[in-house]
Amino acid sequence: LTAAAPSKPRRRGTAAAARVDLLVLDVDGVLTDGSIYLDDLGREIKRFHVRDGFGIKLWCRLGFRVAIITGRRGRALTHRARELGITHLIQGAEAKWPALQRLLAKMHLSPDRVACIADDWPELPVMRRIGFPIAVADADARVRAAAAWVTRRPGGHGAVREAIDHLIHAKGLMPEAVRRYDGAHDER
Ligand SMILES: [Mg+2]
């Protein structure tokens, strides 16, 4: 069998997805649609998706971890990360794999317990080395080809939430997750 073509998304690995403990997120093109808004003073404005935020909080409430690793820096991201309770925020990372390696050493976590969500080439070295690499629907073709799973939604439009739902489902934890918010789920 040859590798799946980039045009044939959403593939392998429920077992790999079920092992994930740490979800690593890129920012531009994953948590955002890739737009970078600059005002007259050069201050950056970012637009995040509220359901991605909910998914991140849900994932953490279920006892799992999130890290953000981005090559850029910005206060908007710092605010958003604080709002979501994300403590592992690495900005200005020139190379993402060495940054992740340092984090994994601190966490005593092996790469096979990691998922990432990616949209472009800077994430490829990470994708090649971890357990469950995910690409957003509108990711670069090489990134989609390197992914174990591709979202239906594009970056900045709920792709992160969709990926988190997939991981929770793979772990068999969806009923428990739903029960936390929808008590009626128990009473059918
Ligand atoms: Mg990106």
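Per-residue Karplus couplings for the range 98-113, computed as 6.51 cos²θ - 1.76 cosθ + 1.60 with θ equal to phi - 60°, are listed in order as x, 5, 5, 4, 4, 5, 5, 4, 5, 7, 6, 10, 8, x, 6, 9 Hz, Gly and Pro entered as x.
The value for the range 79-156 of Rg(Cα) / (2.2 N^0.38 Å) is 1.12. Placing +1 on each Lys and Arg Cβ and -1 on each Asp and Glu Cβ, with no other charges, gives the range 29-188 a dipole about its Cα centre of roughly 440 debye. Summarised as an ellipsoid, the chain has semi-axes of 24, 21, 17 Å, derived from the eigenvalues of the Cα gyration tensor scaled by 5 and square-rooted, with the largest first.
Ordering 68-76, 136-144 by mean Cβ neighbour count within 10 Å, with the highest value first, yields 136-144, 68-76.
Every read-out reported here was derived from the displayed coordinates using simple, explicitly stated rules and does not represent laboratory data. Keep in mind that this is a model prediction, so the values were computed, not measured. Note that we place each Cβ from the backbone using ideal geometry, even for glycine, and neighbour counts take in every protein chain shown.
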